[in-house]
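Bear in mind these aren't lab numbers, they're just calculated from the coordinates by the rules spelled out. The model shown is predicted, which means the values in this text are computed figures rather than measured ones. With ideal geometry, Cβ positions are generated from the backbone for all residues, glycine too; neighbour counts draw on all protein chains shown.
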Amino acid sequence: MRIINTLLAFLSLALLLSFWQDNFSFYVDLALLGLHGVVVGVKTSALSNVFALLIGFSWLMVSIASFASKKNTHSTLFLWLPILSLALFLIVYTVDYLLFFVGWEVMSIVSYFILAPTLTPKALLKYILFAMASALALLMGIVILYSGAETLLYIDANHGFTLLSQQMKMILVLLMLFAFFVKIGAIGFHYWLVDSYAQADDLFTTYLSAVLSKMGIYGLIIFLTQVVDIYSLDWKILAYTIAIIGVTTSVIATFKAIKEDELKRLLAYSSIAQLGYIVTILAIAGGMGGVLYHALIHTLVKLLLFINIASIIALTNRSKLSQLGGLIYRTPHSFVLLLIGIIVLAGMPPLAGFASKYLVYTSLLDAKMLLILSAVMFASVSGFLYVYKLIYGIYLGHPTHKSLESVDEVSKWYLIPQYIIALLLVIIGAFPALIVPTLNTVLVQLHVAPIPFETSTILESPLGAYNGFVVMSAFAVIFVLVLFFVWRVKSKAKNVKNRFDIAYCGEEPTSATPLHYGYGMGQELQRVGFIAIIWKQSSASFYNALTLMLFSLSTRLRKVYTGNLASNFNWLIIFAIFLLCWGLE
């Protein structure tokens, strides 16, 4: 099953890469036109090609990593993954909301079948309720949009939107934002997400973070640019509201991640924070370039990081930072790859994460959203704490158990996709404008100003320029000098025969003794007032109160709807008479 899945992923990626050839896209569109009665709502575009390429690439990387397992432990995942990927392709290639909704529902249902074997009943119930709420909000929004335009095609949606009353426009916007924010996991809508990420199959968590979360971003892009046309609409309050939700998501999720000890939960909050940056600049006229750039980089880095920790979990059978440590000597390749990933995630030069953060910052600065920019930079800088905690807890510090001293490097099948992704991130870091022509094609189709650039090495903005090759070269020289210095120092150092024989005057600590800072790293931040509030507060209290309210309401409704056929028939007659009288008016 894994071989078939990998072949399907490779073929889909090869097909999508051929879309970069204009003549091939023409023939695809021609073929779709020939099947007019079947796929009238499907068409290629620069935007859909970019997101489809992310889907195909992620599918292939996850499929390659699956060969690391000798047993068929991912049988459920790879039974459904091709169907799930086809649903995602339908979402990005459709040009009408009916097929979009079909793809959205298939995505949610197939995800349920993949999650069901591993999630607890409580976590699975959260997923079901939020998926249903998202689908219902999306469907209600589509119905409202159809009432104005009497068509579901994107190209006619803006005309239908303008025909709606001001109140219906507001309701439509709220419904669609709710539907997409649930999938993105914006703060307040993320209640289902962290548990699902933490308990899902390790490789499916990779797919969830890298790809499925991007469907909410894609849906927002289509809705805000083609339906609402937010950049020409005089709705500044909407742009500010979306930006505030985005930056609040980034700040809160960042500090939630700092507190986490469980690997996948930490990266789940990290994904929420990174998507918050995208949401922040999505409604800004000059921010769409940063949205696409950061979405691409986020997909790559989350593939790298989640595959990395999946390999560590498989190798050690441990999933908490406080249970790991010291693996740098046993798994040096994994250490270097994770180091590349966290440098990108933190937005540090010289790798690709700095270029994407550069576009995010300059977009906000150019839009004169200085307070929001300050909050975004604060969240980004604070992110250094959890990325350091991640690499320290796994690879640095002291091992927490003797079993960690006897493990070997992870399987090559885990390393191959990580090296491919790491190489891409390094190349984009040195040539940050290499992908800009492709992104500019999307921006032109969306009637948004393209990203300025001189050459593939120089990324420009209205406020300055960034030469990735020069920065990469400078870091390479510094790295070589530091490496030489460390090598010289290491030659004079003594090798420790027993790393557990420490700090106790020769007395060996037990396995229950906490030996490295991963046990309490970041916990001292609870002394800061607003961080303590973030850590103590949870959306669980709100949803628990909502649950009690719904149970109370259902109990009262049950007194009316008794299940007695005669009573139900009487209520039906009364309701029909009411509708008839309403219609006669």
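Remarks
- Flagged links, alpha-carbon separation over 21 Å, of LYS256/LYS320; LYS169/LYS214; LYS214/LYS368; LYS259/LYS320: LYS169/LYS214; LYS214/LYS368
- Relative to the longest principal axis of the Cα atoms of the chain, helix 565-584 runs at roughly 70 degrees.
- Rounded to the nearest 20 debye, the dipole size of the chain about its Cα centre is 1660 debye, using +1 on the Cβ of Lys and Arg and -1 on the Cβ of Asp and Glu.
- Relative contact order (%) - the chain, alpha-carbon pairs under 8 angstrom, separation at least six: 12
- Charge context of LYS264, other residues only, Cβ under 15 angstrom, K/R +1, D/E -1: +1
- ³J(HN,Hα) computed for each position of segment 223-232 - Karplus, 6.51 cos²θ - 1.76 cosθ + 1.60, integer Hz, glycine/proline x: 5, 6, 8, 9, 9, 6, 6, 5, 6, 9
- Extension gain, MET170 back to LEU565 (0.36 nm per residue minus Cα-Cα distance, nm): 138.2 nm
- Going from the fewest other Cβ atoms within 10 Å to the most, the residues HIS190, HIS447, HIS398 appear in the order HIS447, HIS398, HIS190.
- Sorted by Cβ density within 10 Å, fewest first, the residues GLU105, GLU150, GLU405, GLU260: GLU150, GLU405, GLU105, GLU260
- Helical mean residue ellipticity (222 nm; -39500 (n - 2.57) per DSSP H run of 4+; nearest 500) of the chain: -23000 deg cm²/dmol
- Two-site FRET efficiency, ALA14 against ARG527, from Cβ-Cβ distance with R₀ of 51 Å, rounded to 0.05: 0.40
- Across all Cα pairs in the chain, the calculated P(r) in 10 Å bins from zero up to the longest distance comes to 3, 15, 26, 26, 16, 8, 4, 1, 0, 0 percent per bin.
- Full extension of the chain segment joining LEU481 with ILE237 gains 82.7 nm, where the gain is 0.36 nm per residue of separation less the Cα-Cα distance.
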